[in-house]
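No value in this document is a laboratory result; all are computed from the given coordinates. Treat the numbers as computed from the prediction; the structure is a model and nothing was measured. Note that each Cβ is placed from the backbone with ideal geometry, even for glycine, and that neighbours are counted across all protein chains shown.
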Amino acid sequence: MNEINNTSQKVSENASNRGLVITTKAEIILNRMSKWTKFIGIIGLIEVGFIALIGIFLFFIPLPQAGNHFSSGFIGIFYLIYALILFFPPYFLVQYSAKMKKAIANLSQNDFDRALSKLENFFTYIGILILVTLIFMFIGLFSFVTLFSLKSF
């Protein structure tokens, strides 16, 4: 947290030296962005809630086991873990929206910095999620190619 405050002070000092200001047009854009990020965040949280409900439903309701090697409890746990992973991006968007609205209303540099920090958290989390997904895709592709190359012998 101190790092953010120190960085904010340095940026503010540098910004005032460079003449960086938030214009009325920028305020309008940031306000509009905060409305959209709130909307997207709330819809995302609702979707995560539905995924979690499906996970809870699958965890407690037995499914017919006609040739299925996975129990519904296992699939339910998978859905709950999936919901937990998907919870954070929309949560960060809702936090960004609330802090940005507060920053614009109060003309608060501290709230503005916190809002940008939440937006940074969102993009960092999404970036890590994309990298992890790509790694799993390459592992799956490598396994697929290896499996079929061994079967051809």
Sequence-distant lysines (8 or more away, or on other chains) whose Cα lies within less than 28 Å of K35 = K25, K99, K101, K102, K118
Any idea how far apart I46 and N110 come out in nm if each label point goes 7 Å out from Cα toward Cβ?
-> 3.5
Averaging over all projection directions, find the projected area of the Cα convex hull of the range 22-151 and quote it in nm² with one decimal place.
-> 11.2
